[in-house]
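Visitor: Quick one: the structure is below, questions incoming.
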Amino acid sequence: MKIKGLLTAGFAVALAVALAAPAMASHVIKVGGQCDRTGATKVVGVEICPGLTDYIALVNKKGGVLGHKLEYTEIEHGYLVDRGVEAYERLKRDGAVATLDYGTPIVYALTPRHMDDKIPGITPGFGRADSTDGTSWPYIFPMAATYWSQAGAGLQFIKDQGAKKGTKIAHIYYDNPAGREGIPIVEAVAKKEGYQLRLFAVPPPGVEMGPQVIDITRRFKADWVLGHLFGQAPAVSIKELKRAGFPMNRFVSFVWGAGETNIEAAGWDTGQGYIGMQYSSTGRSLPVIKEIMQRVYRDEGKEIPKFVGSVYYSRGVLNGAILAEGVRLAVQNFGLPVTGDNVRKGFESIKNFDLQGFLPPMTVTSQDHEGGGWVRMYQVKGTEWVPITDWIRGYRDEVMALVKQANKK
Amino acid sequence: MINRECGVYQTTYEGDMALYPLPLARYSTLAVVVVLALLPLVLDSHMMSLANLMLLASIGAIGLNILVGYTGQVSLGHGAFMMVGSYTAALVTVRLGLPFWLGLPAGGAVAALVGAFFGIPSLRIKGLYLAIATLAGQFIIEWVINHSPWISGGVQSTIYVPTPTFLGWNINNEYRRYFMVLPVAIVAYVAAMNLVRSRVGRAFIAVRDRDVAAEIIGVDIFHYKLLAFAVSSFYAGMAGALWTYYLKIANYEHFTLATSVSYLAMIIIGGLGSVLGSVFGAVFITLLPIVLVYVVEGGAALFGFKYAAIADFLANLRLIIFGGLIILFLAIEPEGLFRMWGNVKRYFRLWPYSY
């Protein structure tokens, strides 16, 4: 009797384990994203996309997300809206529980679809600043300092360097929606601090800015330049300002003017002292990058490409890290199967996630989908970007007030 | 369709003037429409999104072909006219609360007005010079929309529109969006087919073939050139408005110069001066890059390559193949896919008794 009961119990446990084990072990969690290796921003794409896939490879090498394999599908869209829509629909059909949206116009176009389909989309570096507000945009996650936060942090840095009432600040920006986005914060802060502010628009494609630079250096005689440029424009701005004799260590650039490629195009000698913001740390000395180099490349006997550890590559690692962390929290809190809505809740419960110093101390809540809006100032020294501050942010009240106001409409 | 006129005798003027005078053509066209209507039963949502993108591109391409292919006025401003339609639709929906089926003609009408205005230079200049004048139109419209908050809705130049509804039916997935786009595309196609064989269409063709001669035989050049711009821009505006409702957002970055150029590519590959050719071209340019994704990646996997390892190479290889195929098709048949289709039809017209 006793033995029979024990046997039954043992059998039941064995059966339960046998049934549960394959279900647990063989579960593959699908995430996806788009990439741009041939389109308008291919210079960024060829480094940012491998960053993401390498990080996912690292996660899988270490046993996946709580034992489940992450399957990441990358779809090339060439920075075209229709291909981006197609890519999203394909990922959705294949069961992706979260996606990375790549490219400002594509992010805009896919936002309503994310809201309809209840699949969260992360948009680090591309998304619109007002989608920070998670109550209005529950399925959109900027997950990195938006242009508003970047403007706030840049001006905070300038203030920490001794700017006071009457300091002349020139804001040079790319004349498209993404480029103009920082203006409201810059204006609000300049008014609050009593800076003299002038705005200088650079029309696309932004390869000609002689007149603006002469205006900045000769007529306006700016003390600081805050640059928000894309593509080839940052390199041109560095060259032109240098030629006009403007000190590079008083030129602060938003994140898309702060890659190695931007300085390479202008010349490393020219760019010495130039300051750029980063929303992820960069360089090969970081623990997570070291781990990727060891486990994804050396262990496989592969040669480490030159771009590993570069600025854009690091941003790709950030994309991968956030996707993996969101999925991990979804599995941990809600178990299987993973759904888009659970991953959203997973993202919203990210707390002090910094990936061994690689990321700012990110805390995402259902109100704040930006993760705090931290950036770090880097400066060009020699042939690399060197951090000169810790993670900083500034004028958070102004930024959050603007977010609130933008979503009230 | 492959039709044989053998044994068909028209006894009425109506029969002779019908869009498809042959019974077989009528049946086959009807069959195509039925197949199109039944597609959602067999395709998944991803395939439906492809169908939608092709239909959207077809509407715009038909419009551009009326202007470039039939009237002979080269335009590089088609994207801008789509942009006008797109923002008009967004504004009338958001500000006035109009439903999408009123927003569509509104977008078309405003785009037609703007298009006719930017068509005025065509009265004095032709060919490449006109292309540059319309290029200016592209940049002017883009700049104005981008810098007028009243039109563009703020610094982001982006207007979200609510989910379009039809008789209480929320158009919120790819299947439903298909039934929003398909009827418009069919109406656009039939209207264009009829337009080009009407008095107006013949006047367009006369202007294209030699405008001086057309003027001498009594075609009012001023009238018909501007009309061509207006009709073409109406199509563009409708397409742009549909894009707005399809994406639920109006954003000028979908309709830049690159869009204008890709629509020109569609009608050149499809066949200038052919409505069906515009559709072929739209399908070709929309579908080919996406099909190549599967073909090239599948091919690489067949040879044992991992996607991640050679992603950059594959991305560029696809572009090379895409460009190569365009050149190949144009080299085989400079008059486009429509002409190829015509060749096939001609071959089977007397088959198997061809001489």
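Visitor: Quote to one decimal, in nm, the extra length available between A:LYS118 and A:GLN272 on full extension: 0.36 nm per residue of separation minus the C-alpha distance between them.
Guide: 50.8 nm
Visitor: Once the other residues with Cβ under 12 Å from the Cβ of A:GLY340 are scored (Lys, Arg +1; Asp, Glu -1), what is the net sum?
Guide: Net charge around A:GLY340: +3.
Visitor: Quick one: go through the range A:213-240 and flag any residue whose amide nitrogen is under 11 Å from the point 7 Å out along the Cα-to-Cβ line of A:LYS168.
Guide: Once the point is set 7 Å along Cα→Cβ of A:LYS168, A:215-224 turn out to lie under 11 Å by backbone N, inside the range A:213-240.
Visitor: May I ask for the distance between the Cα centers of the range B:262-324 and the range A:338-404, given as a whole number of Å?
Guide: 38
Visitor: Another one. Name the residues of the range A:235-256 whose amide N is less than 15 Å from a point 7 angstrom out from the Cα of A:ILE214 along the C-beta direction?
Guide: Counting backbone N atoms under 15 Å from the label point, the list is A:240-241, A:243-245.
Visitor: What list of ³J(HN,Hα) couplings, whole Hz, do you get for the range B:121-132 from phi and the Karplus terms 6.51, -1.76, 1.60, once you set θ to phi - 60° and write x for glycine and proline?
Guide: For the range B:121-132, the Karplus curve yields x, 5, 6, 10, 10, 9, x, 4, 5, 5, 4, 5 Hz.
Visitor: Give me, ordered by chain and number, the residues 5 or more places off A:THR167 or on other chains with an amide H under 5 Å from its own placed amide H.
Guide: The answer is A:GLN196.
Visitor: So which of A:LYS164/A:LYS221; A:LYS159/A:LYS242; A:LYS165/A:LYS191; A:LYS159/A:LYS192 end up more than 18 Å apart by C-alpha?
Guide: A:LYS159/A:LYS242
Visitor: What residue among B:ALA61, B:ALA133, B:ALA111 has its Cα farthest toward the positive end of the dipole of the protein assembly as shown, where the charges are +1 on Lys, Arg and -1 on Asp, Glu, each on the Cβ?
Guide: Positive-most Cα among the choices belongs to B:ALA111.
Visitor: For the protein assembly as shown, rounded, prolate or oblate, judged on the Cα gyration tensor with a ≥ b ≥ c (square roots of eigenvalues), a/c < 1.5 rounded, else prolate if a/b > b/c?
Guide: Cα axes put the protein assembly as shown in the oblate bin.
Visitor: Please work out the C-alpha center-to-center distance from the range B:199-235 to the range A:175-245 and express it in whole Å.
Guide: Each part reduced to its Cα centre gives a spacing of 48 Å.
Visitor: Taking 8 Å as the Cα distance limit and 6 or more residues as the minimum spacing, I'd like the relative contact order of chain A as a percentage.
Guide: Relative CO of chain A lands at 19 percent.
Visitor: I would also like to ask the following. If you take the charge dipole of chain A about its Cα centre, with +1 on Lys and Arg Cβ and -1 on Asp and Glu Cβ, which of A:LEU110, A:PRO177, A:PHE358 is farthest toward its positive end?
Guide: A:PHE358
Visitor: Also, I was wondering about something else. With a 4.7 Å Cβ cut-off, tell me which Cys residues in the protein assembly as shown come up empty for a partner.
Guide: Lone cysteines by the Cβ rule: B:CYS6.
Visitor: Given a Förster radius of 22 Å and the C-beta distance between B:MET17 and B:ASP209 as r, what FRET efficiency does 1/(1 + (r/R0)^6) yield to the nearest 0.05?
Guide: According to the calculation, E is roughly 0.45.
Visitor: A:LYS69: which lysines have alpha carbons under 16 Å from its alpha carbon, excluding same-chain residues fewer than 8 sequence positions away?
Guide: Result set, ordered by chain and number: A:LYS30, A:LYS61.
Visitor: What percent do you get for the relative contact order of the range A:202-308 when only Cα pairs under 8 Å and 6+ apart count?
Guide: 22
Visitor: Could you tell me how far the Cα centroid of the range B:94-112 sits from the Cα centroid of the range B:63-78, in Å?
Guide: 23
Visitor: Projected onto the charge dipole of the range B:42-349 (+1 at Lys/Arg Cβ, -1 at Asp/Glu Cβ, origin at the Cα centre), which of B:SER86, B:ALA188, B:HIS147 gives the Cα projection farthest towards the positive end?
Guide: Sorting the options by dipole projection puts first B:ALA188.
Visitor: State the extension gain, in nm to one decimal, for the chain segment bounded by B:VAL261 and B:LYS126, taking 0.36 nm per residue of separation less the distance between their alpha-carbons.
Guide: 46.8 nm
Visitor: Let me ask another. For chain B, set up a Gaussian network in which alpha carbons nearer than 10 Å are linked by springs, and say which option among B:THR256, B:THR29, B:THR93 fluctuates the most.
Guide: B:THR29
Visitor: Then there is this: If you put +1 on each Lys and Arg Cβ and -1 on each Asp and Glu Cβ, how big is the dipole of chain B around its Cα centre, in Debye rounded to 20?
Guide: Dipole of chain B, to the nearest 20 debye: 320 debye.
Visitor: Using Cα pairs under 8 angstrom and six or more residues apart, how large is the relative contact order of chain B, in percent?
Guide: About 28 percent, as a whole number.
Visitor: With each label point set 7 Å from Cα along the Cα-Cβ vector, what nm distance links B:PHE179 and B:LEU43?
Guide: 1.6
Visitor: Next question. B:TRP101 label point, 7 Å along Cα→Cβ, cut-off 12 Å on backbone N: hits in the range B:147-167?
Guide: B:165-167
Visitor: Further, regarding this structure: Rounding to the nearest 20 debye, state how big the charge dipole of chain A is about its Cα centre with +1 on each Lys and Arg Cβ and -1 on each Asp and Glu Cβ.
Guide: In debye, rounded to 20, chain A gives about 680.
Visitor: Among bridges DSSP assigns within the protein assembly as shown, what percent are antiparallel (round to 5)?
Guide: Within the protein assembly as shown, antiparallel bridges account for around 35 percent of the total.
Visitor: Run the quick spin-label model on B:VAL187 and A:VAL386: label points 7 Å from Cα toward the beta carbon, then report their separation in nm to one decimal.
Guide: Placing both labels 7 Å along Cα→Cβ, they lie 6.7 nm apart.
Visitor: Note down the magnitude of the dipole of the protein assembly as shown about its Cα centre, charges +1 on Lys and Arg C-beta and -1 on Asp and Glu C-beta and zero elsewhere, to the nearest 20 debye.
Guide: 520
Visitor: Return the lysines within reach of A:LYS306: Cα separation strictly under 17 angstrom, same-chain partners fewer than 8 residues apart disregarded; answer none if there are no such residues.
Guide: Here the lysines satisfying the reach criterion relative to A:LYS306 are A:LYS42, A:LYS290.
Visitor: Grab the beta carbon distance between B:ASP220 and A:THR135, set R0 = 56 Å, and tell me the FRET efficiency rounded to 0.05.
Guide: 0.40
Visitor: Out of B:ILE332, B:ILE59, B:ILE269, any idea which swings most in a Gaussian network model of chain B, alpha carbons joined below 10 Å?
Guide: It is B:ILE332.
Visitor: Which one of B:LYS306, B:LYS248, B:LYS345 has the biggest mean-square fluctuation once chain B is modelled by GNM with Cα springs under 10 Å?
Guide: Largest GNM mean-square fluctuation: B:LYS306.
Visitor: Need one number: nm distance between label points at A:LEU199 and B:ILE326, each 7 Å from Cα along Cα→Cβ, rounded to one decimal.
Guide: It works out to 3.6 nm between the two label points.
We did not get these values from a lab; they are worked out from the coordinates using the rules stated. What you see is a predicted model, and the numbers here were worked out from it, not measured in a lab. When we count neighbours, we look across all protein chains shown, and the Cβ atoms used for this are built from the backbone with ideal geometry, even at glycine.
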